[in-house]
Amino acid sequence: MQKRKNLFGIDSFRIIAALLVVAIHTSPLQSFSADADFFLTRVLARIAVPFFFMVTGHFILPDAVSGGGVPTERIGNYLKKIFLYYGAAVLIYLPIGDYAGLYEGLSLTGMIRMLLVDGTFYHLWYFPALITGVLIVCLLSRFLKTKGIFAVCGVLYIIGLFGDSYFGLIKEVPVLSNLYEFGFRISSYTRNGLFYAPLFLVLGAAAAKRTSRIRFSYALVGFLLSFCVMTAEAFTLHIFDLQRHDSMYLALVLVMFFLYELILLKNQTAYPACRNTATLIYILHPAFIVVVRGAAKVLHMAPLLVDNSLIHYLAVAFSSAAAAFVITMITAFLQKKYPGLAKSSRSGAKASSAFPRGRAWIELDQKALQQNVISLRELLPEDCKLMPAVKANAYGHGLLPVSKKLNEYGVDAFCVASASEGAALRKGGIKGEILVLGYTHSEDFPLLCRYSLIQTVLDYTYALRLNGYGKKIHVHIGIDTGMHRLGERSENVDRICRIYKMKNLVIDGLYTHLCVSDSKKPQDVEYTKLQADRFYEAVRELEKRGFSCPNLHLQSSYGIFYYPDLAESYARVGIALYGVLSTKEDTLEWKEKLLPVLSLKARIAAVKDLYAGESAGYGMQFTADCDMQIAALSIGYADGLPRSLSNGKSFCLINGCRAPIIGRICMDQTLVDVSGIPEVHTGDTAVFIGKSGKLTVSACDLAEWTGTITNEILSRMGERLERIMM
Ligand SMILES: *Cc1c(COP(=O)(O)O)cnc(C)c1O
């Protein structure tokens, strides 16, 4: 196990980095000591921007250093976002830059250069540099392996050094200095997207890809040592007056390597608010320099607010941080209140951000879900409502993500197994009728009222208890017509009448459950008809005695397919809604119209050799008979992968090939044979349910191999799997 020390995680460090950038532009210690200020702003604070580049590399470019080719869509989305930020920043600074005379007498080429290279305000160089850097790294990754990419970026960085902190060394060499002077006409500094950004981007990408971390003590010592070296380097260059600019040091690369390692050692908690706040501080702080100076002038407080550099810094830092925080909170509030505002971008962002991180996860295909709703509705008469069974976490798919989508598709009736599932639906904002199919303890009766749930009357005795609660409870009476599970027996019409008379029960419906409606065997068909007859007989008898029966329902998924005549007020559709059938044997023309909603995927945590004669896994159940390559996947039986699939009874798909399970499935890990599968890398994805290349594994397949039905496989999908609506 890695040690987890309590240092700053990536998200919280962003704020520190942003405040360091503010320091660079305000020189907090200038009033006290020029050397101290040089140390703070030209040495220490120089870690800030490389950190931001590394974070981008970490989350956007890990594939660039793994030879896997970068996913163009992710890069495209990211660059789009950066363009937007940059565009907004350009607009914000237009008036200030204009006031400062930055754009006076600017030629067209000057303007283009400003937009594409230097940035339209002094700190905005960062955005064009980020875009250029990302594009360069992507380009390099097409032609080079990791070492090659590092070599090229390293050389670029060294070229950059001589145009930055080490410029004094080459100034005396005419050929070189002419070359650099020519370059400066294109980009004012070498601290740009070509020479500076790429190395830190690939350092971040490599940090994300590396599966082993160095020990905390080594990282700390490494950081302190390299930081001392960098300080010495900076002061030497400064004293000998060699610096043309002071962003790039040789030791900075090492400093960043160790610093990032330290940051990664902390258990990463995501603070999305920090991300936006840090970016906003970065973008806004120069405007607040203007604001603070303006305020100082108006209030006649210049001696305090401006002349004292530390207070000046604090004022700028505080006001820009406060503004950034308020803007972040307001946007978060608006997004919550009007989820439609950012829906498409948000779900997209969520999907892509889950990819680099998840250990094992479920992808939900919302188009498939919607299509299934449409297809099922076509099968039912118009006055029969879909009442999806979203019990057991929506058959493992995720109670809320699925139910919210269903609400969007106009579904307004649900059934669940327990009152707590019903309460969870309401807390998640789900609208419509919610029927609890199973037992609710009398202590939970308040939930029924508080969350407007409809309770099933399990039998006459249970009705007495419900009535005894003393408050009005809406119910559907369960009628047992032959399954002999829940419900009052259909022939006990007297008792059912007494239930009707209970003064606290509001009878909204009557239903029965069919126990062999999934079978077409003659005796089963016969039995189903008998069940239906008993149900309708009871209904008729009740009506004869003056008790009306408002809503009836009998069908579940298979009832809809095989007994369309039994459609009444509701159809309690479960498994079919999720686009699968319970078993493979069920041949229905309908199969084609149902699209599977769920895919189950897991991360490849490690790829390794297993030599002939060696064993793998608990109990050493698998022994290699020749040298082979195996992969450890981050998924186990605790995630719902049945342990009985151990020892080759199942396989997953990697790069469109089958990778058989070897040895015993563990609680959190599974080993597979990847010998002969090309390009298998740590961090790649293995598919347990779903498509990869031309191959597909269905939940039905897993059920068959396990000797169970799809319903069980799906509903046992683990709690800790992340569910992503695609
Ligand atoms: C689970 C359940 C359903 C849904 O069954 P499927 O076969 O998955 O469609 C319907 N009715 C009752 C009473 C249930 O318990």
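Just a few scattered comments:
- Taking chymotrypsin sites (Phe, Trp or Tyr not before Pro) across segment 576-685, the ones in a DSSP loop with at most 12 further Cβ atoms lying within 10 angstrom of their Cβ are Tyr611.
- The value of relative contact order for segment 221-260, using C-alpha pairs under 8 Å at least six residues apart, is 62 percent.
- Bridge type composition, the chain - antiparallel percent by DSSP, nearest 5: 55 percent
- Lys431/Ser644 FRET efficiency (R0 51 Å; Cβ-Cβ; nearest 0.05): 0.80
- Surface composition of the chain: carbon and sulfur atoms hold 60% of the protein heavy-atom accessible area at a 1.4 Å probe.
- Pairwise label distance in nanometres, Lys593 with Arg450, each label 7 Å out on the Cα-Cβ vector: 4.2 nm
- Computed lengthening from Asn178 to Met667, 0.36 nm per intervening residue step minus Cα-Cα distance: 169.6 nm
- Close amide H pairs (under 5 Å, H built 1.01 Å from N) link Asp480 with Glu488, Arg489, Ser490, residues at least 5 positions away or on another chain.
- Rounded accessible area per residue of segment 609-668, 1.4 Å, Å²: 45 Å²
- 24 Å Cα-Cα reach of Lys145 towards lysines, excluding residues that sit fewer than 8 places from it in its own chain: Lys209, Lys608
- Spin-label model, Arg210/Gln371: points 7 Å from Cα along the beta carbon direction are separated by 4.5 nm.
- Counting only residues at least eight positions apart within a chain, or on another chain, the aspartates and glutamates with an alpha carbon under 18 Å from that of Lys471 are Glu443, Asp444, Asp508.
- Per residue, segment 23-88 exposes an accessible area of 38 Å² to a 1.4 Å probe, with every protein chain left in place.
- Environment charge of Ile281, counting only residues whose C-beta is closer than 12 Å and scoring Lys/Arg +1, Asp/Glu -1: +2
- Counting only Cα atoms, the size of the chain along its three principal axes is 107, 75, 48 Å, in decreasing order.
- Lysines with Cα under 18 Å of Lys404, excluding same-chain neighbours fewer than 8 positions away: Lys336, Lys337, Lys343, Lys350, Lys367, Lys385, Lys391, Lys427, Lys431
- C-alpha center-to-center spacing [segment 694-726, segment 670-691] in angstrom: 17 Å
- If you take all other residues with their beta carbon under 14 Å from the beta carbon of Arg244, and give Lys and Arg +1 and Asp and Glu -1, the sum is -2.
- Ordering Cys515, Cys666 by accessible surface, largest first, gives Cys515, Cys666; the 1.4 Å probe counts only protein heavy atoms, with every chain in place.
- Close amide H partners of Ala413, meaning residues 5 or more places away or on another chain with modelled amide H under 5 Å apart, are Glu433.
- Here the contact order of segment 598-725, divided by its residue count and restricted to Cα pairs under 8 Å and six or more residues apart, works out to 28 percent.
- Extension gain for Arg545-Lys694 works out to 47.5 nm (0.36 nm per residue, less the C-alpha to C-alpha distance).
- Using a simple spin-label model with pseudo-atoms 7 Å out from Cα toward Cβ, His25 and Met329 lie 2.3 nm apart.
- For segment 380-431, the per residue solvent-accessible surface stands at 36 Å², with DNA, RNA and ligands left out and a 1.4 Å probe.
- Interatomic Cα distance distribution for segment 598-725, bins of 10 angstrom, percent: 14, 48, 32, 6, 0
- FRET efficiency, Tyr611 to Ala151 (Cβ-Cβ, R0 35 Å, nearest 0.05): 0.60
- Trypsin sites (Lys or Arg not before Pro) lying in DSSP loop within segment 407-497, provided at most 15 other Cβ fall within 10 Å: Lys431, Lys471, Lys472, Arg485
- Loop-located trypsin sites (Lys or Arg not before Pro) in segment 212-253 (DSSP state not H, G, I, E or B) with no more than 14 neighbouring Cβ atoms inside 10 Å: Arg215.
The values are calculated or read from the model by the stated rules, or taken from the named source; none is laboratory data. Please read all numbers here as calculations on a predicted model, not as lab measurements. Cβ coordinates were reconstructed from backbone atoms using ideal geometry, including for glycine residues, and neighbour counts include every protein chain displayed. Each accessible area value is taken on the protein alone, full model and side chains, heavy atoms only, with ligands, DNA and RNA left out. Shrake-Rupley method; radii C 1.70, N 1.55, O 1.52, S 1.80 Å.
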